[in-house]
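Engineer: I'd like to ask you about the structure that follows.
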Amino acid sequence: MLKNLYIAEKPSVAAEFAKALKVNGKKQDGYIESEDSIVTWCVGHLVTMSYPEVYDAALKRWSMETLPFLPKQYRYEVISNVKKQFGIVKGLLTRKDVDTIYVCTDSGREGEYIYRLVDQEAKVPDTKVKKRVWIDSQTEEEILRGIREAKPLSAYDSLSDAAYLRAKEDYLMGINFSRALTLKYGNEVKRFLNSEKQ
């Protein structure tokens, strides 16, 4: 029997979806499954952008000569302390008996980004139907309405593009300015504070 998979952003939200959908199946490690449905969750972000040293080991050492760091193609990786949950979610997203995926992450740019990164890193086949659930609250009525009116995930591609762009902007600002300011003023701050830490 083919199943629907519902993926929420947090375990507490997944529990509300399971309750609204009457998914009373056995709670597994990282998901709840019944005869026709599976509900799982991220734990916030499961995937992040890689640090510069992943691109080139020499970039682990901070130096003004290597700034600005502007990668041509961005790299991503699973966050180490949530690898287990990522593995569970990936396994569910790519299961042969799952044909429809309902993306139930928070309604907004960040929620969209969280799912898109998981989809990207899990290499979810394009043959699966992907629908976006957009809700304003977690009441049973609103959850069921959101599922009933779910649109194709592709309807939110512009939001996804905006999320990726914002994340890249934050990454470039953070990586480059943290390094530049630390290299330029770190020793002065250390002397001023009379501390080894800066």
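Engineer: I'm trying to understand the selection: among the residues of segment 1-56, which are free of Cβ contacts under 8 Å to residues at least 24 places away in the same chain and within 19 Å of residue 153 (Cα to Cα)?
Structural biologist: Correct list: empty.
Engineer: Then there is this: Hey, could you check segment 25-43 for residues that are open to solvent by 20 Å² or more (accessible area, probe 1.4 Å) and assigned to a loop (DSSP other than H, G, I, E, B) and say which is farthest from residue 4 (Cα to Cα)?
Structural biologist: 43
Engineer: Another question about this same structure. Give the residues of segment 103-136 that are among the polar types (S, T, N, Q) and open to solvent by 30 Å² or more (accessible area, probe 1.4 Å), sorted by residue number.
Structural biologist: Within segment 103-136, 107, 120, 127 meet the criteria.
Engineer: Could I ask something else about it? Every residue in segment 50-62 that is open to solvent by 20 Å² or more (accessible area, probe 1.4 Å) and not in a helix (DSSP H, G or I), please.
Structural biologist: 51, 56, 61, 62
Engineer: Tell me which of these residue 144 doesn't satisfy, since it passes every other one: (1) assigned to a helix (DSSP H, G or I); (2) touching a Leu at 6+ places or on another chain (Cβ under 9 Å); (3) in contact (Cβ under 8 Å) with a residue 40 or more places away in the chain; (4) under 17 Å from residue 9 (Cβ atoms).
Structural biologist: (4)
Engineer: Being surrounded by 13 or more Cβ atoms within 10 Å (Cβ to Cβ) and of a type in the set (Phe, Trp, Tyr) is the filter here, so list the residues in segment 146-198 that pass it.
Structural biologist: Of everything in segment 146-198, those that are surrounded by 13 or more Cβ atoms within 10 Å (Cβ to Cβ) and of a type in the set (Phe, Trp, Tyr) turn out to be 156, 164, 171.
Engineer: Now for a different question. Look through segment 63-96, keep the residues that are over 16 Å from the mean Cα position of the chain (by Cα) and not in a loop (DSSP other than H, G, I, E, B), and return whichever of them is surrounded by the fewest Cβ atoms within 10 Å (Cβ to Cβ).
Structural biologist: 65
The values are calculated or read from the model by the stated rules, or taken from the named source; none is laboratory data. Computed from a prediction, not measured in an experiment: that's the story for all the values here. Virtual Cβ from ideal backbone geometry, glycine too; neighbours counted across all protein chains shown. In case anyone asks, the SASA skips ligands and DNA or RNA and just uses the protein heavy atoms, side chains included. Shrake-Rupley method; radii C 1.70, N 1.55, O 1.52, S 1.80 Å.
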